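Below is one structure, written out as structure tokens, with a few remarks after it.
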Amino acid sequence: MNLRRDTVKKKALYVAPGLDESGRKEILGFWIHPSESAFLWEEILHELKERGVQEVGIFITDGLRGIKDAIMRVFPNSRWQPCWNHISRGLQAKVRKEDISAPMWNLKRVYKAGSKAEALKALEEVLNKWGRKYRSVRNSLMALYDDLLNFYDFPRELWRSIYTTNPIEKVIQELKRRFRPAILLPNQEAAEKLAYLVCVRLNESFQKRRLRVWLH
């Protein structure tokens, strides 16, 4: 997001979409800060808690440094799920192209397994097969090991919605699409007004849909 003052400055737009107990998505809020950090996310989480968010089953995020610790300090009983899309892209950057195409490399066997037991087996196969050849791959996976498969502890119907940040990315893409015609916004107030209007419109559309797991 670009703001024009005396010079053009970029700022980070924080957005917190959530899925409530009725199965409906809702954007809980947005914030504009100079940059993104786990410290600022922790402040946002405290604000959400003060506004009435009492419990969160699972957080799905990218690999922002320190984000898990920030979450646990505010919502210690929640779970954290690192996004598998981000994990896959990060690991592929550490592996030669010919190995990425090998059948045993296929990480989808881990996060698209039929059960947590199957996923664990596939994960161990990846670690055993490629961990010796690519130490950085093993180190990356082991650093996240305790959280990689958290989404399997939730109802199967939810897995598709909580193993990646895709549902969040769709919200971000819509915000980017709306901001793009604006090119340079004159100030932060103008950016906040535009973000507010987009979020209100998105929330109105979200109210018309519910995740199917809650329809049974």
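Descriptive notes on the structure:
- Counted by Cβ distance under 14 Å from D20, the other residues give a net charge of +2, where Lys and Arg count +1 and Asp and Glu count -1.
- Of F151, F206, the sequence from fewest to most neighbouring Cβ atoms within 10 angstrom is F206, F151.
- The calculated FRET efficiency for E204 paired with R132, based on their beta-carbon distance and R0 = 35 Å, is about 0.10.
- Spin-label model distance (nm) - E26 vs E189, 7 Å beyond Cα toward Cβ: 2.9
- Entries in K94/K121; K133/K176; K108/K176; K68/K170; K68/K94; K68/K108 that, when Cα-Cα distance is taken, lie over 31 Å: K133/K176
- Computed from backbone phi, the HN-Hα couplings of the stretch 145-159 come to 3, 5, 10, 4, 10, 4, 5, 5, 7, 10, x, 3, 5, 8, 3 Hz, rounded to whole numbers (Karplus: 6.51 cos²θ - 1.76 cosθ + 1.60, θ = phi - 60°; Gly and Pro given as x).
- Value of relative contact order over the chain, rounded to a whole percent, pairs C-alpha under 8 Å and six or more apart: 27
- Note on S101 and Y196: their simple-model spin labels are 5.4 nm apart, each label 7 Å out from Cα toward Cβ.
- Under 5 Å between amide hydrogens, built in the peptide plane, is the criterion, and for R79 it picks out I58, F59 among residues at least 5 positions away or on other chains.
Readers should treat all values here as calculations from the given coordinates under stated rules, not as data from a laboratory. Source: prediction; values computed, not measured. Please note: Cβ atoms are built from the backbone with ideal geometry, for glycine as well, and neighbour counts cover all protein chains shown.
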